[in-house]
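Heads up, the thing below is written out as structure tokens.
The values are calculated or read from the model by the stated rules, or taken from the named source; none is laboratory data. Computed from a predicted structure; not experimentally measured. Because the Cβ atoms are built from the backbone with ideal geometry, glycine has one as well, and the counts that use them run over all protein chains shown.
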Protein chains: 2
Amino acid sequence: MGNLADILDFDPAEGPPSERMLQILTEACRLFATRGFDGVSVRDIAEECGISKATLYHYFPDKDAILRPLVLGITRALHLHVAAALPQDAGPVERLRVFMTESVRFFEQHRWAYIVSSTVFWTDPKLRHRRQRIEWRDRHEALLRGILADGVEAGVFRIADIGMAGRLIFGALNWMPKWFDPKGPLSGTEIAERFLAMLLDGLSPR
Amino acid sequence: MGNLADILDFDPAEGPPSERMLQILTEACRLFATRGFDGVSVRDIAEECGISKATLYHYFPDKDAILRPLVLGITRALHLHVAAALPQDAGPVERLRVFMTESVRFFEQHRWAYIVSSTVFWTDPKLRHRRQRIEWRDRHEALLRGILADGVEAGVFRIADIGMAGRLIFGALNWMPKWFDPKGPLSGTEIAERFLAMLLDGLSPR
């Protein structure tokens with residue numbers, strides 16, 4: 001499932017998570033994604049890790065504390081991953097291509113964590129955490145809108161409503177983890193390329 | 001939130017739900033959507049309805065039994081709503097337009113139920129129910145692909161991969177309930193029209 005440590009949200013003051021914490025988070029993430037947060041007990045997670053409930057509670061006070069680092073970190077990690085991959089000196093079309101393919105590569109690598117966090121995003125009762133995620137999401141959306149606006153200015157895109165174009169592109173990308181089959185005939189990158197071609201050329205004959 | 005009775009999945013042998021059952025389902029749906037399934041207790045739902053827990057248990061044996069009719073019915077209801085609205089004798093472009101605008105109208109009308117069910121879909125441990133939803137979802141996706149294939153045959157669409165085009169369109173539509181603001185400047189129908197224009201014309205200048 002990619003390197004889970006890359007996406008976790010841990011207080012830097014507490015240092016990096018231990019091997020045991022990473023094991024617990026990894027198993028919990030897989031269980032949450034397949035059975036849902038409320039379909040998994042602390043006992044299930046401990047059993048999957050081959051440890052006692054008491055040992056698990058030594059690392060995490062409750063199930064929420066296991067979920068939090070998984071959920072909070074992923075929007076930030078997605079943004080930082082895509083922003084770092086964008087070629088600074090390329091044109092807007094190439095930057096849009098990289099934005100889309102790298103988003104999909106991120107979903108592929110962190111599929112379980114992404115499923116868990118996109119399910120929980122709506123239902124996390126802790127508003128502070130939701131706000132924190134929304135700030136990273138807004139930054140990520142602004143990055144895409146910037147690429148689109150640059151392209152309109154350069155004359156390589158013709159877009160009446162940049163906000164709506166961004167939402168169309170995010171819809172295509174963000175919906176993908178719901179249907180993408182890693183064992184299917186097309187890789188994530190190939191799918192992103194096909195989406196881009198359709199978005200650029202349109203479905204009407206030219 | 002639209003007419004909740006239209007989307008519920010009830011065993012026809014049991015007859016239509018009573019007024020009290022509809023009240024419980026309506027309040028539960030709103031609570032689940034805002035606080036998440038596990039953030040809501042049976043006591044919360046009973047209090048919101050102004051009834052005792054004992055009265056609520058008379059109608060529903062547990063929280064799962066409240067969730068089930070909300071979640072199972074919505075995919076079927078969406079499909080039947082859109083299929084009934086499609087003009088039989090119109091061309092593929094007009095049929096695609098109606099498919100998109102009516103999908104969005106359905107999301108607008110049943111926003112809370114849609115949020116609840118799209119969150120739970122992934123995490124419902126009861127596979128039988130998931131299968132049932134997937135059958136309706138497959139039927140719905142086949143309806144859209146049929147419109148696209150008709151359009152390719154008629155020469156009004158140029159689409160290399162109809163399955164991917166369908167997923168692009170469903171991504172745009174299905175992601176929308178996550179960001180759509182009913183009090184925002186554009187109605188759902190206007191947004192669907194803008195999506196359609198971008199999808200048909202593409203983002204590259206013609």
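Brief remarks follow.
- Count of the range A:18-32 residues, restricted to those that are surrounded by fewer than 17 Cβ atoms within 10 Å (Cβ to Cβ) and over 18 Å from A:Tyr114 (Cβ atoms), is 3.
Residues are listed down the side, and each one gets a yes or a no for (1) in contact with a Cys (Cβ under 6 Å, 6 or more places away or on another chain); (2) modelled with pLDDT under 95; (3) under 19 Å from A:Asp38 (Cβ atoms); (4) surrounded by 18 or more Cβ atoms within 10 Å (Cβ to Cβ):
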| site | (1), (2), (3), (4) |
| --- | --- |
| B:Pro16 | no, yes, no, no |
| B:Thr34 | no, yes, yes, no |
| B:Tyr59 | no, yes, no, no |
| B:Leu67 | no, yes, yes, yes |
| B:Phe99 | no, no, no, yes |
| B:His110 | no, yes, no, yes |
| B:Ser117 | no, yes, yes, yes |
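- Residues within the range A:39-55 that are in contact with a Lys or Arg (Cβ under 9 Å, 6 or more places away or on another chain) and either among the hydrophobic types (A, V, I, L, M, F, W, C) or within 22 Å of A:Arg133 (Cβ to Cβ) (or both), tallied: 6
- Some residue of the range A:188-201 being without any contact (Cβ under 8 Å) to a residue 60 or more places away in the chain and under 18 Å from the mean Cα position of the chain (by Cα): no
- Residue match in the range B:74-93 (condition: under 24 Å from B:Gly146 (Cα atoms), crowded, with 18+ Cβ neighbours inside 10 Å, among the β-branched types (Val, Ile, Thr) and in contact with an Asp or Glu (Cβ under 6 Å, 6 or more places away or on another chain)): yes
- Looking only at the range A:129-149, and only at residues there that are out of contact with any helix residue (DSSP H, G or I) (no Cβ under 7 Å at 6 or more places or on another chain) and more than 23 Å from A:Ala5 (Cα to Cα), the one that is modelled with the lowest pLDDT: A:Asp138
- A single entry from B:Arg35, B:Arg68, B:Arg76, B:Arg30 fulfils the requirement of being among the basic types (Lys, Arg), under 30 Å from B:Leu168 (Cβ atoms) and within 20 Å of the chain's Cα centre (by Cα): B:Arg76.
- Qualifying residue in the range B:123-142 (condition: touching a Lys or Arg at 6+ places or on another chain (Cβ under 6 Å) and loosely packed, with under 15 Cβ neighbours inside 10 Å): yes
- Within the range A:36-52, the residues that satisfy the criterion of being away from chain B (no Cβ under 14 Å) and surrounded by 13 or more Cβ atoms within 10 Å (Cβ to Cβ) are A:Ile45, A:Ala46, A:Glu47, A:Glu48, A:Cys49, A:Ile51.
- Extreme residue, modelled with the highest pLDDT, among residues of the range B:119-128 that are of a type in the set (A, V, I, L, M, F, W, C) and part of a helix (DSSP H, G or I): B:Val120
- Test: residue in the range A:129-152 that is outside any loop (DSSP other than H, G, I, E, B), touching a Leu at 6+ places or on another chain (Cβ under 6 Å), of a type outside the set (Val, Ile, Thr) and under 26 Å from B:Leu148 (Cβ atoms): no
- Candidate set: the range A:160-206, residues that are of a type in the set (Lys, Arg) and not in a helix (DSSP H, G or I); chosen: the one nearest to the other protein chains (Cβ to nearest Cβ): A:Arg206
- Counted residues, the range A:150-159 - those being within 12 Å of another protein chain (Cβ to nearest Cβ) and touching a residue at least 12 places away in the same chain (Cβ under 8 Å): 4
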